[in-house]
Amino acid sequence: MTGAPTVACPDCDGVTFRLDPCRCTRYGDRLLADDGPSGDAEPRREPYRKCELCRGVGTVAVACLRCGRRGRRRAQLVLTVANLDTGAVASHLVAPGTLDPRPDPAGDWVADLTPRVRELAAATGVAATVDPLTVRLPPAWRPDLPADERHELEGRAVAEAARPAWRVLVGRSTAPPPLDPAARLARLCALADLLLLDLVVEARRHGDALRWDVRYEVPGSPVPAGPPEPHADLPAALAVTDVAGALAGLGERGRCAPARMIRPDLPRPLHPTATDVAGIERRVHADCAGPAGGGGLPGAQAVWRDGRWWHTGLGHGEAVETLVGHPAGQVVRRVRVPLRRLAEPPDPTWLGEPVSWRPCPDCRPSGVSCVTCGGTRRLHRTVLVTITDLRHRVVHLAWHAGAPDVATLAGNTSGGRASVRLSGRYRLGAWATGFGVRPEDLTEADGGHEIPPDVREGYVTLPWAGADPVGEQVAAVRPGLPAGRLLVAAVRPDAPPLADLLRLAHGLDLALVVGVLDLRGHPADPLRAHGLLWSVDLRSPAAPVCPDDLPCRPSLEAAVVDCLDGLDATLPETVPTDPEAAVPLPQSAPRPLPADPVPVLLRLAARHAGWAVTARFTRAGCVVHRHDDGGIRLVTVGPDLRIPD
């Protein structure tokens with residue numbers, strides 16, 4: 001492989017560091033300063049004379065991270081498209097001299113790489129929508145310049161565009177069906193009725209335009225303080241907001257919402273109905289306009305609650321002033337004006353009496369979220385648990401601290417405290433079978449986080465003899481819950497077989513690293529992990545097995561989903577860090593599906609039960625290591641995965 005062309009890093013001019021304006025120059029030579037809006041383009045002021053960062057100089061030396069403190073950057077970009085269904089891979093190298101710049105309407109020169117990505121997709125049989133990809137040339141570039149000057153300027157443009165230097169599109173042979181915004185909105189509304197949540201369609205002003213968002217909330221949640229979402233209209237917001245997306249952030253949004261009991265109706269199947277997306281969008285637009293001659297409102301919402309839409313505008317609330325310490329030694333006064341609903345919809349019929357609570361004894365005015373209450377400042381005596389398949393089935397439970405329960409002794413800790421196991425009502429894993437999933441498939445609906453094994457299996461450690469076991473379970477799941485509610489998704493991960501990922505790794509000429517830890521022989525001890533733990537990752541073929549390559553996911557499917565979801569971050573990390581080393585250019589014709597490695601992996605893990613086993617698959621073969629108290633030990637090397645004699 002030949003070396004890659006490089007250019008001096010334009011961020012640091014090749015000296016590996018920069019002199020940046022100190023953070024104190026934002027506020028000037030003042031101890032007490034007023035903060036401006038986020039992203040404020042206010043000009044820099046004189047430095048703070050007693051600044052603890054720059055000592056009053058006004059500039060600080062910062063290591064250049066764009067070039068990794070090397071002073072040079074690689075002028076090379078590789079575009080790759082891979083087909084997960086066939087293993088076909090095609091790549092294209094973008095380097096100085098390979099661009100075909102064309103003038104754009106603004107008078108600049110731009111190289112459009114989108115057609116090349118489409119050609120790669122066609123060559124590999126990937127049916128996917130290709131996002132626009134362009135390389136903008138420096139203003140000094142002209143087609144009549146000498147070749148060496150053109151290539152130097154093109155190298156700077158490619159180096160700037162090569163972030164990351166390897167862009168990989170992994171797709172399938174069949175395109176997903178086109179999205180119907182009305183059908184998606186109808187499903188989100190029906191699921192809101194099933195889970196007893198609000199569905200909020202919101203538009204906020206951003207300059208002269210409106211930005212749209214679609215999300216779930218618990219009743220009583222304040223209007224979020226964050227910036228508006230970048231969606232230009234309601235159909236665009238619906239296009240990127242599925243059920244998981246609408247649930248994401250539910251806990252953060254509802255952290256301060258009041259907890260109240262719920263009175264669920266009998267579960268009912270979801271029947272999607274026609275929803276007038278355009279009509280809702282027009283109504284929210286009209287609400288944003290506000291009264292005639294009033295200059296408009298900062299935003300508006302349509303709230304789906306109790307089977308119907310409620311509409312309200314958004315207005316400015318009372319200003320909230322806070323004083324924050326600054327690293328420069330200054331004190332910054334920040335004034336935030338929150339948004340509020342101008343008209344709150346009536347309480348839903350399924351909302352009951354308030355949940356009893358007491359103030360958190362561990363909260364401190366330090367700005368750090370309390371681990372005891374999760375920042376809610378309240379300790380509720382009841383946790384409302386909702387288990388659902390996110391389609392048409394749901395179970396609502398109420399766990400009350402102090403409720404009687406027949407708990408069985410499971411063992412004792414090293415400190416002599418008793419560990420008990422609660423009855424089936426308080427074991428989330430016991431409800432999994434009714435939803436057709438395994439206990440390890442249960443996750444938090446907000447974010448997809450794993451349910452801790454002790455909570456899933458109903459194990460609690462009593463702080464003293466005679467302590468309330470149900471109360472300890474409530475305390476374990478209580479911190480940070482929105483309105484005291486825990487939403488559990490009983491959904492098996494939608495993951496391709498591990499053999500498909502192995503074929504993809506071979507096509508990309510990468511190493512597939514699979515870790516498995518068999519703890520099924522452990523006794524049913526709440527203080528020890530148990531079951532099978534997995535990890536799946538794609539790495540550079542030259543990357544060694546590390547001591548901390550330990551599996552932690554509760555199922556193979558969850559590990560595969562994690563691997564695929566993180567490809568945008570992990571694949572660029574396989575590129576050589578040396579800017580003079582070329583980026584690999586993988587090419588592969590369609591490959592037959594390799595043998596399923598899972599049965600052999602399970603037998604290997606069982607043979608080395610209690611120790612993590614890592615199998616590293618490459619085009620050259622397979623290497624298996626075992627992690628034990630002595631470090632990493634080689635188990636077997638061969639052209640494929642096999643169990644040594």
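Coordinate-derived values only; no laboratory data. Source: prediction; values computed, not measured. With ideal geometry, Cβ positions are generated from the backbone for all residues, glycine too; neighbour counts draw on all protein chains shown.
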Note to self: Loop only by DSSP, 13 or fewer other Cβ within 10 Å of the Cβ. Give me the trypsin sites (Lys or Arg not before Pro) in segment 61-122 that pass, ordered by residue number.
What the structure shows: 69
Next item on the list: Quote the relative contact order of segment 122-182 in percent (integer), defining contacts as alpha-carbon pairs under 8 Å separated by 6+ residues.
Entry: 49
Next item on the list: Can you pull a Stokes-Einstein diffusion coefficient for the chain at 25 °C (0.890 mPa s), Rh from Kirkwood over Cα pairs, as a whole number of µm²/s?
Entry: 85
Next item on the list: Assign one of three labels to segment 276-380, namely rounded, prolate or oblate, based on the Cα gyration tensor with a ≥ b ≥ c the square roots of its eigenvalues; rounded applies when a/c is under 1.5, prolate when it is not and a/b is larger than b/c, and oblate otherwise.
Entry: oblate
Notebook entry, point to check: Got the relative contact order for segment 1-116 handy, in percent, Cα pairs under 8 Å and 6 or more residues apart?
Noted result: 26
Item checked: Calculated FRET value between residue 413 and residue 252, using beta carbons and R₀ = 25 Å, to 0.05 -> 0.15
Next item on the list: Pairs of Cα atoms under 8 Å, at least six residues apart: use those to get the relative contact order of the chain, whole percent.
Entry: 13
Next item on the list: Treating each Cα of segment 459-541 as an identical point scatterer and ignoring solvent, apply the Debye formula and state log10 I(q)/I(0) at q = 0.20, 0.23, 0.25 Å⁻¹.
Entry: -1.04, -1.12, -1.17
Check: Among residues other than residue 67 whose Cβ falls under 13 Å from its Cβ, what is the net charge (Lys/Arg +1, Asp/Glu -1)?
Finding: +4
Next item on the list: Please work out the C-alpha center-to-center distance from segment 314-366 to segment 447-501 and express it in whole Å.
Entry: 27
Next item on the list: Calculate for the chain the 222 nm mean residue ellipticity that helices alone would give, adding -39,500 (n - 2.57) per DSSP H run of length 4 or more and normalising by residue count, nearest 500 deg cm²/dmol.
Entry: -5500 deg cm²/dmol
Next item on the list: With a point put 7 Å past each Cα toward its Cβ, work out how far residue 63 is from residue 123 in nm, to one decimal.
Entry: 3.8
Item checked: residue 112 versus residue 353: modelled label distance in nm, points set 7 Å from Cα along the beta carbon direction -> 6.7
Margin query: Quick check: from the Cα gyration tensor, does segment 159-245 come out rounded (a/c under 1.5), prolate or oblate?
Written below: oblate
Item checked: Histogram of C-alpha separations across segment 530-645, 5 Å bin width, % -> 2, 9, 17, 22, 21, 15, 8, 4, 1, 0
Checklist line | Gained length - residue 397 relative to residue 179, 0.36 nm times residue gap less alpha-carbon distance | finding: 75.1 nm
Check: Taking K and R as +1 and D and E as -1, what net charge do the other residues with C-beta under 14 Å from the C-beta of residue 277 add up to?
Finding: 0
Item checked: Label-to-label distance, nm, for residues given as residue 144 and residue 492 (7 Å Cα→Cβ offset) -> 6.8
Checklist line | Positive minus negative residues near residue 16 (Lys, Arg vs Asp, Glu; Cβ under 13 Å) | finding: +4
